Structure formats: structure tokens, C-alpha cells
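K.L.:
Sending over a structure as C-alpha cells; questions will come in a sec.
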Amino acid sequence: MNITILGCYAATPRTFTNPTSQVIEIRNRLFLIDCGEGTQVQLRKNKIKFSKINQVFISHLHGDHFFGLIGLISTFALLNRTTDLHIYGPKGIKEIIHLQLRLANSWTKYGLFFHELESHESEVIYEDDKVIVKTIPLNHRVYTNGFLFQEKIRKRKLNIDAVQNYEIEKCFYQNIKNGKDISLGDGRVVENHKLTFDPVPPLSYAFCSDTAYDESIIPYIKEIDVLYHESTFLDSEEALAGKTMHSTAKEAATIALKAKVKQLILGHYSTRYDSISQFKEQAETIFPNVLLADDGKSFEF
Ligand SMILES: [Zn+2]
Ligand SMILES: [Zn+2]
């Protein structure tokens, strides 16, 4: 699993920082999460093959999370994209994009599909044979979802020495990887765990931005591998965080601690701060495994 941060600052684009967008690569699939202004340029700068993006997940309709979307959609059209593009986001997103396409008389030739979200409960919004994506209802000034990406459990690994010891023919290998026991010619049954190794444990990643401190998300992110949680403010702006329905670094760390996640990544920093190092320092007073997102940074798990 690889996460590339294209932008992780709040509010406005600046010379060297970008609003929210990130690409997550899982099992050879490329998903785009949020699409702030400048996302296309960041995709190019980070050499991401963006024709491979077929799903875009938009957390909410504040500009710093989706103002780049119409640009990306229209660039795909200019590049003669033919593959379908699926957009998952709050109800209303289709109306906004369609209005722009209609008034510019610039309909796409590729299939553009909107999956509008309005539930306040977690729901499965995407699933294939390797990955499942669920919403995480967040608590912000407008309707907002985080997204949980979970790898599906991989097949068991064949223990070649064991299958050869039992002289099992190759045509049974697929069944063994699928978890089946095997009956030998003499009537003996060999249990699957004697013929296989446990698969690599599936990874999980949650994107939670933007949100006020809210413990109701904990059940959805319990013991996951990696949590990206917004931390717009430092402790000194705790009251402002409450008022604007954002979180501080310490609040993000408290959620990580209570949810027992393995790794916390902080992002969505307010542009009022000259340096982001204090976010890590303050979060680490509560939770030990803290990484700082920054534009152009990649994380491999
Ligand atoms: Zn934001
Ligand atoms: Zn917002």
C-alpha cells in the first residue's frame, strides 16, 4: 500500500503548498482522495500515471477538497480518455459538475458516473475482488465523509515442502490455496493448515478530513494500520478548532490512541503556521507513532 500526498494544507493554495488531495495505491489499483485546486499539476509533478485513476472519492464540498475536480475531468476529456470515471461524493456534486460541463458545452466522451452520498451511517461504496471502500461519517460544518480502504484477505500461501511430502498433485493446489482440506488416495484427510502458510495480513487505511474531534468514528477505525487524521490547528488554537469544526494535533492523536491504530499521519494544516514540526511534537505527547504528511511525500506500508 502506497500513499502519495499531493496536498495537505487547509484553505488556500500557496506558492509551495497545496490543498487536500492524495493518491492511494493498493494491489495495483489507484484511487484519488479529494481533489483540491492544483491536483493535476501535483499528479504530474509526482509522476503519477493518472489515466490509471478510475475512482475519485470526495470528502465534502468545501473548495479546498474539490475545486480541482472540474479541471481533472476536463483534462481527461482533452487527453481522449475512454475509460469510465467514477466520482463518489456528497449529494450535489453531480449538479455542480454538470452545470459547468453544460454551460461550457463540454460533455465528456468517456463515461462519467456520480455516486452521490447522503447517508449518515457508514456504508460500502466500492468493492472489487481485492479492495473494499467504506465511508466514515465525519463531523464538520457541511456533510462530510472520511473513507476506509481495506484490502481483502489474500489467499493462503502454499507450503511446497508439505504438498510434495504428501505427494499431492498440482491440480489440487488452487483448492488448497482457497483453504480446502485434501483427501489422499488412502482415505486420509490432510487439514489445510498443514499444507499452507497464513496469508500476509490485509492492510487498512482511513482518511479522516475534515472533522471536529469526534469519538463516534472510533468503531470504524479500530486497530487499523494507518489513520490519516486532520490536524488543522495547534493547541494554542483549540477554541478556534472547536468553532470551525476542525481538530488539533493532540485531538487527532487522542483519536489514534483510543482507536488503537498502528500509525497516525497528520495533515490539513492551517496555513497560519510557518513550520509544521510542532504538530508532531504536540501529537507525540499523546500517541507515539506520528508521521507528518507533506506535499509530495509518499508513505509505503
Ligand atoms: Zn478543508
Ligand atoms: Zn472543510
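K.L.:
Among the residues that make up segment 272-283, is at least one of them assigned to a loop (DSSP other than H, G, I, E, B), in contact with a Lys or Arg (Cβ under 7 Å, 6 or more places away or on another chain) and surrounded by fewer than 16 Cβ atoms within 10 Å (Cβ to Cβ)?
P.N.:
Filtering segment 272-283 for residues assigned to a loop (DSSP other than H, G, I, E, B) gives 272-276.
Next cut, in contact with a Lys or Arg (Cβ under 7 Å, 6 or more places away or on another chain) only: none.
There is no residue in segment 272-283 that is assigned to a loop (DSSP other than H, G, I, E, B), in contact with a Lys or Arg (Cβ under 7 Å, 6 or more places away or on another chain) and surrounded by fewer than 16 Cβ atoms within 10 Å (Cβ to Cβ).
K.L.:
Moving to a separate point now. Examine segment 81-104 for a residue that is part of a helix (DSSP H, G or I) and within 20 Å of LEU6 (Cα to Cα), and state whether such a residue exists.
P.N.:
As a first pass, look at segment 81-104 and keep what is part of a helix (DSSP H, G or I): 93-103.
With the extra rule that they be within 20 Å of LEU6 (Cα to Cα), the set shrinks to none.
Scanning segment 81-104, I find no residue that is part of a helix (DSSP H, G or I) and within 20 Å of LEU6 (Cα to Cα), so the answer is no.
K.L.:
Taking into account only those residues within segment 54-73 that are more than 16 Å from ligand 1 (Cβ to nearest atom) and touching a helix residue (DSSP H, G or I) at 6+ places or on another chain (Cβ under 8 Å), which is most open to solvent (accessible area, probe 1.4 Å)? Walk me through it before giving the result.
P.N.:
First pass over segment 54-73, keeping only residues more than 16 Å from ligand 1 (Cβ to nearest atom): 54-56, 70-73.
Restricting the remaining residues to those that are touching a helix residue (DSSP H, G or I) at 6+ places or on another chain (Cβ under 8 Å) gives 56, 70-73.
On the way: VAL56: 0, ILE70: 39, GLY71: 22, LEU72: 1, ILE73: 1 Å².
The selected residue is ILE70.
K.L.:
Which number in (1) touching a residue at least 12 places away in the same chain (Cβ under 8 Å); (2) among the basic types (Lys, Arg); (3) closer than 23 Å to THR12 by Cα marks the one condition that LYS194 misses?
P.N.:
With respect to (1) touching a residue at least 12 places away in the same chain (Cβ under 8 Å); (2) among the basic types (Lys, Arg); (3) closer than 23 Å to THR12 by Cα, LYS194 is out only on (3).
K.L.:
Hey, does segment 96-109 have a residue that's open to solvent by 70 Å² or more (accessible area, probe 1.4 Å), out of contact with any Asp or Glu (no Cβ under 7 Å at 6 or more places or on another chain) and at pLDDT below 95? Give the steps one after another, and end with the answer.
P.N.:
First pass over segment 96-109, keeping only residues open to solvent by 70 Å² or more (accessible area, probe 1.4 Å): 99-100, 102-103, 105, 107, 109.
If we keep only those that are out of contact with any Asp or Glu (no Cβ under 7 Å at 6 or more places or on another chain) too, we end up with 99-100, 102-103, 105, 107, 109.
Checking which are at pLDDT below 95 leaves us with none.
Checked against the condition, which is being open to solvent by 70 Å² or more (accessible area, probe 1.4 Å), out of contact with any Asp or Glu (no Cβ under 7 Å at 6 or more places or on another chain) and at pLDDT below 95, segment 96-109 yields no hits at all.
K.L.:
Moving on. Scan segment 237-251 and tell me whether some residue there is part of a loop (DSSP other than H, G, I, E, B), surrounded by fewer than 17 Cβ atoms within 10 Å (Cβ to Cβ) and within 16 Å of ligand 2 (Cβ to nearest atom).
P.N.:
Of all residues in segment 237-251, those part of a loop (DSSP other than H, G, I, E, B) come to 245-247.
After this cut, where a residue has to be surrounded by fewer than 17 Cβ atoms within 10 Å (Cβ to Cβ) as well, the list is none.
Looking through segment 237-251, none of the residues is part of a loop (DSSP other than H, G, I, E, B), surrounded by fewer than 17 Cβ atoms within 10 Å (Cβ to Cβ) and within 16 Å of ligand 2 (Cβ to nearest atom).
K.L.:
Between a residue in segment 58-76 that is more than 12 Å from SER106 (Cα to Cα) and any residue that is part of a helix (DSSP H, G or I) and within 12 Å of ligand 1 (Cβ to nearest atom), which pairs come within a Cβ distance under 7 Å, given they are 6 or more apart or on different chains?
P.N.:
If the second residue must be part of a helix (DSSP H, G or I) and within 12 Å of ligand 1 (Cβ to nearest atom), the pairs left are ILE58/HIS65; ILE58/PHE66; SER59/HIS65.
K.L.:
Within the group ILE160, ILE182, ILE224, which residue is over 30 Å from SER122 (Cβ atoms), in contact with a strand residue (DSSP E or B) (Cβ under 6 Å, 6 or more places away or on another chain) and either touching a residue at least 12 places away in the same chain (Cβ under 8 Å) or surrounded by fewer than 13 Cβ atoms within 10 Å (Cβ to Cβ) (or both)? So that I can check it myself, show each step before the final result.
P.N.:
Values: ILE160 fails: in contact with a strand residue (DSSP E or B) (Cβ under 6 Å, 6 or more places away or on another chain); ILE224 fails: over 30 Å from SER122 (Cβ atoms).
Of the residues listed, the single one that is over 30 Å from SER122 (Cβ atoms), in contact with a strand residue (DSSP E or B) (Cβ under 6 Å, 6 or more places away or on another chain) and either touching a residue at least 12 places away in the same chain (Cβ under 8 Å) or surrounded by fewer than 13 Cβ atoms within 10 Å (Cβ to Cβ) (or both) is ILE182.
K.L.:
While we're on this one: Step by step: first the residues of segment 39-48, then only those that are out of contact with any helix residue (DSSP H, G or I) (no Cβ under 9 Å at 6 or more places or on another chain) and not polar (S, T, N, Q), then the one that is nearest to ligand 2 (Cβ to nearest atom). Which residue is that? Break it down into steps so the answer makes sense when it comes.
P.N.:
Start the filter on segment 39-48 by keeping residues that are out of contact with any helix residue (DSSP H, G or I) (no Cβ under 9 Å at 6 or more places or on another chain), which leaves 41-42, 45-47.
Restricting the remaining residues to those that are not polar (S, T, N, Q) gives 41, 45, 47.
Values: VAL41: 22, LYS45: 24, LYS47: 29 Å.
Restricting to residues being out of contact with any helix residue (DSSP H, G or I) (no Cβ under 9 Å at 6 or more places or on another chain) and not polar (S, T, N, Q), the top hit is VAL41.
K.L.:
Which members of segment 190-236 meet the condition of being in a helix (DSSP H, G or I) and of a type in the set (Ser, Thr, Tyr)? Break it down stepwise before answering.
P.N.:
The first filter runs over segment 190-236 and keeps only residues in a helix (DSSP H, G or I), leaving 192-194, 215-221, 235-236.
Result: SER216, TYR220, SER236.
K.L.:
For ARG81, are the conditions met, namely being buried (at least 17 other Cβ atoms within 10 Å of the Cβ) and over 22 Å from the mean Cα position of the chain (by Cα)? I'd like the intermediate steps shown before the answer.
P.N.:
Values: buried (at least 17 other Cβ atoms within 10 Å of the Cβ): yes; over 22 Å from the mean Cα position of the chain (by Cα): yes.
Here the answer is yes, as ARG81 does meet what is asked.
K.L.:
Quick one: PHE31 ticks every box in (1) hydrophobic (A, V, I, L, M, F, W, C); (2) buried (at least 17 other Cβ atoms within 10 Å of the Cβ); (3) in a loop (DSSP other than H, G, I, E, B) except a single one, so which number is it?
P.N.:
Just one mismatch for PHE31, condition (3).
K.L.:
Let me ask another. Identify, from the list SER231, SER298, SER275, the residue that is away from ligand 1 (no atom under 16 Å from the Cβ), touching a residue at least 24 places away in the same chain (Cβ under 8 Å) and hydroxyl-bearing (Ser, Thr, Tyr).
P.N.:
On the way: SER231 fails: away from ligand 1 (no atom under 16 Å from the Cβ); SER275 fails: touching a residue at least 24 places away in the same chain (Cβ under 8 Å).
Answer to the check: SER298.
K.L.:
Quickly run through segment 16-28 and pick out the residues that are more than 16 Å from ligand 2 (Cβ to nearest atom) and either surrounded by 21 or more Cβ atoms within 10 Å (Cβ to Cβ) or among the small types (Gly, Ala, Ser) (or both).
P.N.:
Residues satisfying the conditions are VAL23, ILE24, ILE26.
K.L.:
Looking at (1) of a type outside the set (Phe, Trp, Tyr); (2) more than 16 Å from ligand 2 (Cβ to nearest atom); (3) in a loop (DSSP other than H, G, I, E, B); (4) free of Cβ contacts under 8 Å to residues at least 40 places away in the same chain, which one does ASN54 not meet, given that it meets all the others?
P.N.:
Every listed condition holds for ASN54 apart from (3).
The values are calculated or read from the model by the stated rules, or taken from the named source; none is laboratory data. All figures in this text were calculated on a predicted structure; none of them were measured in a lab. So basically every Cβ, Gly included, is an ideal-geometry build from the backbone, and we count neighbours across all protein chains shown. In case anyone asks, the SASA skips ligands and DNA or RNA and just uses the protein heavy atoms, side chains included. Shrake-Rupley method; radii C 1.70, N 1.55, O 1.52, S 1.80 Å.
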